[in-house]
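One structure is given below, encoded as structure tokens.
The values are calculated or read from the model by the stated rules, or taken from the named source; none is laboratory data. Only a predicted model underlies this, so the values are computations on that prediction, with no experimental measurement involved. Neighbour counts run over all protein chains shown; Cβ positions are idealised from the backbone, glycine included.
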């Protein structure tokens, strides 16, 4: 199946470079280019791409607000944020707004394509390193005490589902979770789906934020 991609970036050179790289990849078709966030929102509505490659810092409407508008209009839309800096605090806001992943612009093309395919299939793309750094940037904004389980919805999870949620928050893939828990990947996928449904979360990225926010895991202490 061909994955239809919309590129949203205010730099023409970046859009052209991404288009050239992606069009050389099997199974990926670039269906449009947006010059800013407002243009991206319009083109998503018109073209209905499978994945939006979204730059963060753009004029008129930035990538965070564009992501928020796209997801509000279509909760099933898939947005993959691309940015220059792995400590871009705006990327965290985009993830909270509903983006499905976050990659740096200098990643190898094969990694970018894998990310696009993963997001198109409903998975999330955020490396444990980037997740940890983003959360460390915002740890001061997280609650000091975890909410009561009954109030937070955690009480609805089975012990195994809670284990899976923690593993997801640690950045483990389905294969790694399966190895840790000695179950099949299909079983892990079922548990992840159940966790997301019970907690009303849109995807793995929101599950990571939820787990940190509710005290199931804590950001690593700064390296000295």
>> Please return the ranges of helices (runs of 4 or more DSSP H) entirely within the range 125-189 where 2 or more residues are outside the structural domain of residue 103 (by TED's automatic domain parsing) and at pLDDT 75 or above.
In response: 159-169, 174-181
>> Given the criteria under 20 Å from residue 99 (Cα atoms) and assigned by TED's automatic domain parsing to the domain that holds residue 108, does residue 10 qualify?
In response: yes
>> Kindly evaluate residue 193 against the criterion of being assigned to a loop (DSSP other than H, G, I, E, B) and modelled with pLDDT of 75 or more.
In response: no
>> Give all pairs with beta carbons closer than 7 Å in which a residue from the range 196-224 that is at negative phi meets a residue that is at pLDDT below 75 and assigned to a helix (DSSP H, G or I); count only pairs at least 6 apart in sequence or on separate chains.
In response: 208/131; 212/135; 214/152; 219/132; 219/135; 219/136; 219/139; 220/132
> Just to be sure, is residue 222 modelled with pLDDT under 80 and not assigned by TED's automatic domain parsing to the domain that holds residue 29?
Replying inline: yes
>> Here are the criteria: (1) touching a helix residue (DSSP H, G or I) at 6+ places or on another chain (Cβ under 9 Å); (2) modelled with pLDDT of 95 or more. Tell me which single one residue 47 does not satisfy.
In response: (1)
>> Checking the conditions here, which among 167, 186 is crowded, with 16+ Cβ neighbours inside 10 Å and farther than 22 Å from residue 79 by Cβ?
In response: 167
